[in-house]
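The values are calculated or read from the model by the stated rules, or taken from the named source; none is laboratory data. Note that the coordinates shown come from a computational prediction; the quantities given were computed from them, not determined experimentally. Glycine also receives a Cβ, built like all others from the backbone with ideal geometry; neighbour counts cover every protein chain displayed.
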Amino acid sequence: MSVAGLRRAARESVSGLPREFWWLWTSTLVNRLGGFVATFMALYLTLDRGYSASYAGLVASLHGLGGVISSLGAGVMTDRLGRRPTLLVAQASTALSVALLGFVHHPVAIAAVAFLVGMASNASRPAVQAMMADIVRPEDRIRAFSLNYWAINLGFAVSSMAAGFIAEFSYLAGFLLEAAMTMICAIVVFVKLPESRPAKETVAATGTEPPVSLGTVLRDGRFMGVVGLSFLIAVIFQQGSVGLPVAMGEAGFTPADYGMAIAVNGVLIVVLQIPVTRFIEHRDPKRLLVVSSLLAGYGFGLTAFAGSVGVFALTVCVWTLAEIVNAPTQTGLVVRLSPVHGRGRYQGMYTLSWAVASLVAPVMSGFVIDRYGAEWLWGLCAVVGTVAAAGYAALMRRLPAEETVSPETPAPAKPEVSTA
């Protein structure tokens, strides 16, 4: 493709999205650019504070547990209080708790504050996804979710590289810098983003919808099936950071070798996310999710045959392509299955599937590798990917129609009372 063609493709990829989306996108990018602590937390605890690797693992688990607990609570807040208040509370709480984490030294205090950081940082996700669904036209949502995912990965790639340099200078500086950048995100939300939750009268005008509670979400069989399949896919993708480094280490590869292989993931997402989205955004989501599930499962399955860094990198290419296709398509499906006035709760349940997977995957991979060997783990990934593909094919028959009326640029919504 020529330079002019690339420019035209880039312009078409970002055109037509409302200004509010770009402020939300900017907030996401700044947030991820400041995500230093997650990268160097284990090194901080073991090298700087002198704690054991087991204690560092416990702190990481508590951080993940906080995210599990906040997923549903943040979803309810998103529907009851609104998207904007939930984002403000989540980001301000994250900034304060991250800053506090840099000053506490007692092991119990560190564990407790890490739990709070996990709760606060994960609480913004249902609100971000719900707000994005509110302000972007239905036909543009896959593109919008893809651009947001691209921002997340670009920010993570930059912050991961910067974290090492910051840690050499001062771990405390990393905590405070992340806190400051997260607070900037809260300021952007406060100044530039109006509330997007549809007013009660607006929802009523679109048709009669019963009140949505967490019980409503749990009784939605099709949606809970999607949540279960999302959990399976998340467990597979988690192996890139939990199973792959352990397996490569046991096979005699160095941490640098793993770093070279896994770096392919971030590079490909940054380079391919936008052009691939242009190719898939108007295609059948069922086929996309089936294909991406198979690519994820068998991409990791091929790792059983890898014997060099180059081959490991090739397997990363396969499952990264699955990730690029799966992320925006699955998020768009969640919005499609969610009632307008219940988007927060539905997004919270979807977020929960990934949070739980982040807790289950390390335990599962460690058990399988220790008990049966890494080859069994990669074979299990192929099986799980196949099951997920079959599940998506069965669950996505006769999907509900997408909204046909494009929402206008949202104004602040009137207060609304919802059932918890």
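Observations, loosely collected:
- Residue within region 56-67 that is touching a residue at least 40 places away in the same chain (Cβ under 8 Å), under 17 Å from A151 (Cβ atoms), part of a helix (DSSP H, G or I) and more than 17 Å from the chain's Cα centre (by Cα) present: no
Listed here are the residues, each with its yes/no results for (1) of a type in the set (K, R); (2) in contact with a Lys or Arg (Cβ under 6 Å, 6 or more places away or on another chain); (3) at pLDDT 90 or above; (4) over 25 Å from V136 (Cα atoms).
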position	(1), (2), (3), (4)
N153	no, no, no, no
F156	no, yes, no, no
I166	no, no, no, yes
S170	no, no, no, yes
L177	no, no, yes, yes
I184	no, no, yes, no
G228	no, no, yes, yes
I233	no, no, yes, yes
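- Filtered by the rule that a residue be surrounded by fewer than 20 Cβ atoms within 10 Å (Cβ to Cβ) and either free of Cβ contacts under 8 Å to residues at least 60 places away in the same chain or over 24 Å from N265 (Cα atoms) (or both), region 135-177 gives R137, P138, E139, D140, M161, F165, E168, F169, S170, L172, A173, L176.
- When region 24-78 is filtered for residues that are among the aromatic types (F, W, Y) and over 21 Å from A157 (Cα atoms), the ones remaining, listed by number, are Y51, Y55.
- None of S70, S97, S93 is assigned by TED's automatic domain parsing to the domain that holds V37, more than 20 Å from the chain's Cα centre (by Cα) and either modelled with pLDDT of 90 or more or farther than 30 Å from V267 by Cα (or both) except S97.
- Considering region 13-25, the residues that are part of a helix (DSSP H, G or I) and surrounded by 12 or more Cβ atoms within 10 Å (Cβ to Cβ) include one that is modelled with the lowest pLDDT, namely S13.
- When residues in region 331-347 are screened for being surrounded by 24 or more Cβ atoms within 10 Å (Cβ to Cβ) and within 12 Å of the chain's Cα centre (by Cα), 1 of them pass.
- For region 92-119, the set of residues classified as in a helix (DSSP H, G or I) and farther than 13 Å from L62 by Cβ consists of A92, S93, T94, A95, L96, V98, A99, L100, listed by residue number.
A quick yes/no check of all residues on (1) outside the structural domain of G75 (by TED's automatic domain parsing); (2) out of contact with any Cys (no Cβ under 6 Å at 6 or more places or on another chain); (3) of a type outside the set (A, V, I, L, M):
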site	(1), (2), (3)
E250	yes, yes, yes
T254	yes, yes, yes
L268	yes, yes, no
H282	yes, yes, yes
G301	yes, no, yes
N326	yes, yes, yes
Q330	yes, yes, yes
W354	yes, yes, yes
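- Tally of residues being surrounded by 14 or more Cβ atoms within 10 Å (Cβ to Cβ) and farther than 19 Å from G385 by Cβ across region 277-293: 3
- Single residue of region 259-281 satisfying the filter (modelled with pLDDT of 85 or more and polar (S, T, N, Q)) that is nearest to I152 (Cα to Cα): Q273
- Meets criteria (touching a residue at least 24 places away in the same chain (Cβ under 8 Å) and closer than 22 Å to T78 by Cβ) for P107: no
- Residue under evaluation G310, criteria (1) in a helix (DSSP H, G or I); (2) over 22 Å from the mean Cα position of the chain (by Cα); (3) under 30 Å from G57 (Cβ atoms), criterion not met: (3)
- Residue match in region 252-268 (condition: within 29 Å of G75 (Cβ to Cβ) and in a helix (DSSP H, G or I)): yes
- When G307 is tested against (1) surrounded by fewer than 20 Cβ atoms within 10 Å (Cβ to Cβ); (2) modelled with pLDDT of 95 or more, only condition (2) is not met.
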